[in-house]
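Presented below is the structure to which this report refers.
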Ligand SMILES: Cc1cc2nc3c(=O)[nH]c(=O)nc-3n(C[C@H](O)[C@H](O)[C@H](O)COP(=O)(O)O)c2cc1C
């Protein structure tokens, strides 16, 4: 067990777990999207879970470091909040903001983060960038993908590998055009996906839905 | 710590002796053939300039005139401005070997007749003799040659990259033979003492990196040479691979021995087909000479090298993305630590070094750490190689001691700015680097000074810009590149660079708004701090440095819709100065691709601004005696000319 301080509060946690998990389990919320409990290697891609650790010059991704005795952590410094807000707004600039028709409404991770960071859903000073829906994506008879809801956290890919051994979902394209895409023959997808639906329930923003 | 088993000193020495003697014999046989020798540079740059045609022209002309001469293909000399480069060594003429620049097919035929047959070297075509002599000025009299210091590129352009004997005959692989007689710890110590820092951009101490890997007990180690070279405008790694691949292989084998690896991989982009071909050939030759394989130079040390062809994504040059790509995944970086030296390819400790870093190893082993430290500066020993391009007279690859100032490099060595134009800025370090203005010309070129100035050594791209370039547009150009090359994994790089590009593009279109400068600055800082890998962390550098040093240009774009460099099309316009326009002259009208030029009632010309696409052809076509076409910014400055033709 390691004993350390987060936001002036003493926390105890097993040395094998990450700081992010330790905080979440002790009711200290740190915004996050791409991390899941149990992941051996977090992708560190959503860039939300920054914290400040005393003695370290730069902000740290809390999903990536293990807890240590006597570490002094701050989760709400101005620098942390600034980066989190920018990251969040960037995500929102590529997100279709139409909550009323979205099945995730009210339980959406993005709405939760916006409330927590006290920022609006619609980013200021940014162009909205929505992707064209391309027709060449392999279809999935059981599931629909909503690329402009997707925040590319990758939880679905991780979960699919856990459940199926091999992912039926993958990242495709790159840069600003990056999307997730189903992968494989429609018959296979139809057989495996209609039974499983793990990706549908793990998605924080309802980007994968039942057809 | 892994330590190689001590090797009987005689074994590698004897093995090396054998191949050295054989190489010398072949070299002497080549040199003892009487008659002229024609050395032609046929790396990619030479070939692009027509070196293969030049070679055919020589072959044809020699056959036609029944002249016995040997054609010797070599790699690149680094003098791009002079390609195709030919050196003719014609002992019977009484002249020393002569360096000829820009040898076209026609020139090749002419030189065959006039020089090779009749003994007249045609002074007007000579750049210089390659050795000091009484008759012709030597190339070493020119700064472009004598201020260089060649360590990595010493043999580039001198030897045939396809012939391992030529490398061996010039002491190649002797450093390997020496290394195999030493303890691996000693070699790492030597590299540490030399102060060598990685040439791939970040400048991490190479000896330390090797030591980390060596400290990873028990595990098999892998040596990777990073030849991804994705910076736009940078081509030194390609040139070295194409001109002297064995010096890189030698560095890799020594590294393998020092770190306890059996496997080496060269990660080279598939867009470098000639480099891939030559380095593959070099590996085969090295195997045939027992320099690679089960028993390196007859010792019990086994090491082999494979070639991995990357698909040319810039981000795959980043070491963790490079590893992912070799494992068959998307080329996306991962969080560090663990560093590749601890957990690299297939989770094995992996030493990743740049092409130039490996090429420094053999000279260091041969001449010693102390010698290496006499070159360059205390914190950055050795040389730096830049591909100097843009507005300079003598563009090309330049290898200089670290610590030389930007001014010396640009103005003395590379001949300054052509066409009497003014220097405006130098962009160093490619898309991760920055633009430095004239005030920084006296900055010494080394890792730390450049970083301090806001630029970066990067992998050595250097673009010199004159008064006609627009710094906002330059920043937009590099952001456009990084934005496209982002792998899309992390939020800041994927969306942040896109937003940054949007703002810059808006400015160059004259749609800048108040507050944009602060917005650019804020975004840049956040992307720098928030991105996962080096690509995103450095992508805002061109914006940050141009904002710092050329803020007035940003302000002009936003407030006055003016582009001071007159490069942004939307913000500029052409018009014809009626006082200078010659009645009846039709040159501008004839060349206009969109029929925007019209004739006025007094038979002069005007430009229809609604039709003009601002290609500038009319300005080129207008005879210098009239010089009547003007370019202005902002576009609103154009006087109205009645369309009454
Ligand atoms: C976006 C990006 C691109 C890179 N491209 C290259 C490259 O083309 N060649 C290279 O040697 N290093 C490149 N690097 C640096 C490598 O990650 C790594 O630091 C280097 O290969 C280590 O070798 P060195 O110690 O010899 O410099 C790149 C880094 C980043 C962030």
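The values are calculated or read from the model by the stated rules, or taken from the named source; none is laboratory data. Since the model is a prediction, treat every value here as computed from it, not as a measurement. Positions of Cβ are generated from backbone atoms using ideal geometry, with glycine treated the same way; all protein chains shown enter the neighbour counts.
When region B:51-81 is examined, which residues are found to be assigned to a loop (DSSP other than H, G, I, E, B) and closer than 26 Å to residue B:148 by Cα?
The answer is B:75, B:76, B:77, B:78, B:79.
Return the residue satisfying two criteria in turn: it lies in region A:141-187 and is within 12 Å of another protein chain (Cβ to nearest Cβ) and assigned to a helix (DSSP H, G or I), and of such residues it is farthest from residue A:103 (Cα to Cα).
Ranking the qualifying residues of region A:141-187, first place goes to A:175.
Suppose the filter is at positive phi, out of contact with any helix residue (DSSP H, G or I) (no Cβ under 8 Å at 6 or more places or on another chain) and more than 10 Å from the ligand (Cβ to nearest atom); does residue B:218 pass it?
So residue B:218 fits the description; yes.
Sort out for me the helices (runs of 4 or more DSSP H) sitting completely within region B:103-174 that have 3 or more residues that are out of contact with any strand residue (DSSP E or B) (no Cβ under 9 Å at 6 or more places or on another chain). Explain how you work it out, then say what you get.
Details: elements: B:105-111, B:143-146, B:164-169.
It comes to B:105-111, B:164-169.
Quick one: which residue in B:352, B:323 is within 11 Å of the ligand (Cβ to nearest atom), under 25 Å from the mean Cα position of the chain (by Cα), in the same structural domain as residue B:263 (by TED's automatic domain parsing) and in a helix (DSSP H, G or I)?
Numbers: B:352 fails: in a helix (DSSP H, G or I).
None of the other options fit; the residue is B:323.
Residues in region B:352-368: is at least one free of Cβ contacts under 8 Å to residues at least 12 places away in the same chain, touching a strand residue (DSSP E or B) at 6+ places or on another chain (Cβ under 9 Å) and more than 14 Å from every other protein chain (Cβ to nearest Cβ)?
No, the conditions are met nowhere in region B:352-368.
Can you report the number of residues in region B:618-645 which are part of a loop (DSSP other than H, G, I, E, B) and surrounded by fewer than 17 Cβ atoms within 10 Å (Cβ to Cβ)? Outline the logic, then answer.
First pass over region B:618-645, keeping only residues part of a loop (DSSP other than H, G, I, E, B): B:622-628, B:633-634, B:638-645.
Checking the rest, the ones that are also surrounded by fewer than 17 Cβ atoms within 10 Å (Cβ to Cβ) come to B:623-627, B:639-640, B:642-645.
Total satisfying the criteria: 11.
Could you check region A:81-120 and list, in sequence order, the residues that are within 14 Å of chain B (Cβ to nearest Cβ) and free of Cβ contacts under 8 Å to residues at least 24 places away in the same chain?
A:82, A:86
Can you tell me which of B:248, B:307, B:266 is within 16 Å of the ligand (Cβ to nearest atom), closer than 26 Å to residue B:168 by Cβ, in the same structural domain as residue B:356 (by TED's automatic domain parsing) and surrounded by fewer than 22 Cβ atoms within 10 Å (Cβ to Cβ)?
Just one listed residue meets the conditions, B:307.
Conditions: (1) within 16 Å of the ligand (Cβ to nearest atom); (2) crowded, with 22+ Cβ neighbours inside 10 Å. Residue B:208 meets all but one. Number of the miss?
Answer for residue B:208: the failing condition is (2).
Please give the number of the condition residue B:282 fails out of (1) surrounded by fewer than 22 Cβ atoms within 10 Å (Cβ to Cβ); (2) away from the ligand (no atom under 15 Å from the Cβ); (3) at negative phi; (4) touching a residue at least 24 places away in the same chain (Cβ under 8 Å).
Failing condition for residue B:282: (1).
Filter region A:32-48 down to the residues that are surrounded by fewer than 23 Cβ atoms within 10 Å (Cβ to Cβ) and modelled with pLDDT of 95 or more and list them by number.
Across region A:32-48, the qualifying residues are A:36, A:44.
Taking the criterion of being within 20 Å of residue B:637 (Cβ to Cβ), under 39 Å from the mean Cα position of the chain (by Cα) and surrounded by 12 or more Cβ atoms within 10 Å (Cβ to Cβ), would at least one residue in region B:595-612 satisfy it?
Yes, there is a match, as at least one residue in region B:595-612 is within 20 Å of residue B:637 (Cβ to Cβ), under 39 Å from the mean Cα position of the chain (by Cα) and surrounded by 12 or more Cβ atoms within 10 Å (Cβ to Cβ).
Working carefully through the options B:99, B:115, find the one that is more than 23 Å from residue B:164 (Cβ to Cβ), modelled with pLDDT of 95 or more and more than 25 Å from the chain's Cα centre (by Cα). Before you say what the answer is, go through the steps one by one.
Working: B:99 fails: more than 25 Å from the chain's Cα centre (by Cα).
Selected residue: B:115, the only one of B:99, B:115 that is more than 23 Å from residue B:164 (Cβ to Cβ), modelled with pLDDT of 95 or more and more than 25 Å from the chain's Cα centre (by Cα).
Mind checking whether some residue in region B:178-185 is within 13 Å of the ligand (Cβ to nearest atom) and more than 14 Å from chain A (Cβ to nearest Cβ)?
No: region B:178-185 contains no residue that is within 13 Å of the ligand (Cβ to nearest atom) and more than 14 Å from chain A (Cβ to nearest Cβ).
How many residues does region A:39-62 hold that are more than 9 Å from chain B (Cβ to nearest Cβ), free of Cβ contacts under 8 Å to residues at least 60 places away in the same chain and assigned to a loop (DSSP other than H, G, I, E, B)?
Qualifying residue count, region A:39-62: 7.
Given the conditions (1) more than 14 Å from the ligand (Cβ to nearest atom); (2) at pLDDT below 95; (3) assigned to a loop (DSSP other than H, G, I, E, B), which single one is not true for residue B:341?
For residue B:341, the failing item is (1).
In a helix (DSSP H, G or I) and away from the ligand (no atom under 12 Å from the Cβ): does that describe residue B:330?
No.
Please find, among B:581, B:585, B:615, the residue that is in a loop (DSSP other than H, G, I, E, B) and either under 30 Å from residue B:430 (Cβ atoms) or assigned by TED's automatic domain parsing to the domain that holds residue B:459 (or both).
Checking each option against the conditions leaves just B:615.
So residue B:13 fits all but one of (1) within 30 Å of residue B:178 (Cα to Cα); (2) surrounded by fewer than 16 Cβ atoms within 10 Å (Cβ to Cβ); what number is the exception?
Going through (1) within 30 Å of residue B:178 (Cα to Cα); (2) surrounded by fewer than 16 Cβ atoms within 10 Å (Cβ to Cβ) one by one, residue B:13 breaks only (2).
Please work out which one of (1) in contact (Cβ under 8 Å) with a residue 12 or more places away in the chain; (2) within 12 Å of chain A (Cβ to nearest Cβ); (3) crowded, with 18+ Cβ neighbours inside 10 Å is the condition residue B:495 fails and give its number.
Exception for residue B:495: condition (1).
For residue B:543, only one of the following conditions fails: (1) in a helix (DSSP H, G or I); (2) within 12 Å of chain A (Cβ to nearest Cβ); (3) more than 16 Å from the ligand (Cβ to nearest atom). What is its number?
(2)
Quick one: in region B:498-527, of everything that is at the interface with chain A (Cβ under 8 Å from one of its Cβ atoms) and within 17 Å of residue A:128 (Cβ to Cβ), which residue is surrounded by the most Cβ atoms within 10 Å (Cβ to Cβ)?
B:499
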